[in-house]
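Visitor: The structure's right below; bear with me while I get my questions together.
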Amino acid sequence: MIKVIKFNKSKFNFKKIVDNYFHKKFKVTSKNLHKIENKKYSNFNNLSHIKKSIYSLKQNHFDVKKDQDLGLIKEFYKIDNFFKLGDNSKRQTFNKLYLKLIKHLEKNFFKEKIYFQKKPTLRLHLPNAISIGAYHKDSDYGHPKESINFWLPFINTKKTNTLWLETKTKNKFKPIILNWGDLLMFDSSIKHGVEVNREKSTRASMDFRIILKRNYKKSKKSSPKNKIKFILGEYYDETNY
C-alpha cells in the first residue's frame with residue numbers, strides 16, 4: 001500500500017516553523033543549510049564520487065545507528081525541547097503542530113483510534129550525501145509489521161533528494177516525487193531508501209509511524225540506536241489528551 005495524502009499547508013505549516021528556526025540560528029533556511037561554512041556541522045559523508053545508484057550497491061554507506069549523528073541533525077532536534085526531554089517537557093510549537101496533525105489523521109483519515117510515534121524522526125538530505133542507511137524495510141529494524149510509515153518533506157522534492165520505494169518488481173525502485181503539502185504513506189513491509197542528493201539544495205523532512213489500535217501487539221523489540229521499546233508508553237503514544 002502506497003498513498004499520497006494532501007494536507008492543508010496553512011493549517012499545518014511545519015515549513016514556516018522549520019525555516020524560521022534555521023534562519024534565526026544560522027541566517028539561512030533549511031533549504032540552504034549546506035552553505036554554512038562551519039567545520040562543526042560538516043561531518044557528513046560526501047558521496048559525490050558515487051555514480052551508480054545506492055540501491056544497486058552492496059556497501060552500506062551509512063550505518064543506521066549513526067544516521068542521526070550529523071551535527072546539523074542534532075541542531076535540528078533542538079527545534080523543540082520535547083525531543084530531548086520527552087514527557088518531562090511540554091510540547092513546544094513544532095511538536096504541538098505534530099500532535100495536531102496526528103489528531104487530524106486519526107479523526108479525518110483513519111476514523112478510528114490509533115497509536116502514533118511519540119516523537120517524529122527529523123532528517124536532512126544534504127547535496128552529495130544520503131540521509132538514511134541502506135535500502136531497507138522498517139521491519140528489518142524491529143518495527144512491528146502492523147505499523148504504517150508516514151514521510152513528510154518540507155520542500156518540493158526532486159528525483160535525487162526524495163524517497164525511493166520498491167516497485168512490484170523486487171529490487172527495482174522508483175522515486176516518489178512529492179511537493180510541500182504532500183504526505184506519503186506506505187506499509188512497513190515496503191523496501192525504501194535514498195540516493196545521493198544531486199540537487200543544489202538540502203531536503204528537510206520528518207517521518208513517523210502509526211499503528212491502528214485494533215492491530216497493536218506488545219513487542220519485545222526496540223529501536224536500533226536508542227533502544228526504545230516499540231510499545232505504548234515508550235515509542236508509541238495515544239491521543240487521549
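Visitor: Is it possible to state the helix-based mean residue ellipticity at 222 nm for the chain, with each DSSP H run of 4+ residues giving -39500 (n - 2.57), the sum divided by total residues, to the nearest 500 deg cm²/dmol? What is it?
Guide: -4000 deg cm²/dmol, from helical runs alone.
Visitor: A further question follows. Could you tell me whether region 1-113 comes out rounded, prolate or oblate from its Cα gyration tensor? Rule is a ≥ b ≥ c as square roots of the eigenvalues, rounded for a/c under 1.5, then prolate if a/b exceeds b/c, otherwise oblate.
Guide: oblate
Visitor: Given the whole protein assembly as supplied and a 1.4 Å probe, what does the accessible area of Ile228 come to in Å², nearest 10?
Guide: The value for Ile228 is about 60 Å².
Visitor: Test of understanding: in a Gaussian network model of the chain with alpha carbons linked when under 10 Å, which of Phe110, Phe186, Phe154 would top the mean-square fluctuation ranking?
Guide: Phe110
Visitor: Another question, if that's okay. How high is the FRET efficiency between Phe110 and His23 when r is their beta carbon distance and R₀ equals 35 Å, given to the nearest 0.05?
Guide: 0.50
Visitor: If you place +1 on the Cβ of every Lys and Arg and -1 on the Cβ of every Asp and Glu, how big does the dipole about the Cα centre of the chain come out, in debye to the nearest 20?
Guide: In total the dipole reaches around 160 debye.
Visitor: Quick check on my link table: of Lys103/Lys227; Lys3/Lys159; Lys35/Lys74; Lys11/Lys191; Lys51/Lys200, which ones sit more than 28 Å apart, alpha carbon to alpha carbon?
Guide: Lys11/Lys191, as the Cα separations exceed 28 Å there.
Visitor: Rolling a 1.4 angstrom probe over the protein heavy atoms, how many square angstrom per residue are accessible across the chain?
Guide: It amounts to 52 Å² per residue over the chain.
Visitor: Moving on to the next point. Taking a ≥ b ≥ c as the square roots of the eigenvalues of the Cα gyration tensor of region 146-208, is the shape rounded (a/c under 1.5), prolate (a/b larger than b/c) or oblate?
Guide: Because a/c hits 1.5 or more and a/b fails to exceed b/c, region 146-208 counts as oblate.
Visitor: Now, a different point. Accessible area of the chain with a 1.4 Å probe: how many percent of it is carbon plus sulfur?
Guide: Roughly 48 percent, rounded to a whole number.
Visitor: While we're here: Report the trypsin sites (Lys or Arg not before Pro) located in region 146-184 that are in a DSSP loop and have at most 14 other Cβ atoms inside 10 Å of their Cβ, or state none.
Guide: Lys159, Lys168, Lys170, Lys172
Visitor: Can you give the longest stretch of the chain with no exposed loop site, where a site means GluC sites (Glu not before Pro) in a DSSP loop (not H, G, I, E or B) with at most 10 other C-beta atoms within 10 Å?
Guide: Value returned for the longest uninterrupted segment is 113-241.
Visitor: Putting +1 on Lys and Arg Cβ atoms and -1 on Asp and Glu Cβ atoms, find which of Ile231, Ser205, Met185 reaches farthest to the positive end of the dipole of region 178-241.
Guide: Comparing the listed Cα positions along the dipole, Ile231 ranks first.
Visitor: Would you please classify the overall shape of region 4-56 from the alpha carbon gyration tensor, given that a ≥ b ≥ c denote the square roots of the eigenvalues, rounded means a/c under 1.5, and beyond that prolate means a/b larger than b/c while oblate covers the rest?
Guide: In terms of gyration-tensor shape, oblate.
Visitor: For region 1-159, what relative contact order do you get, as a whole percent, if you take Cα pairs closer than 8 Å and at least 6 residues apart?
Guide: That works out to 28 percent.
Visitor: How high is the relative contact order of region 85-241, given as a whole-number percent (alpha carbon pairs under 8 Å, six or more residues apart)?
Guide: 33
The values are calculated or read from the model by the stated rules, or taken from the named source; none is laboratory data. Source: prediction; values computed, not measured. Glycine also receives a Cβ, built like all others from the backbone with ideal geometry; neighbour counts cover every protein chain displayed. Surface areas here come from the heavy atoms of the whole protein model, side chains and all, with no ligands, DNA or RNA. Shrake-Rupley method; radii C 1.70, N 1.55, O 1.52, S 1.80 Å.
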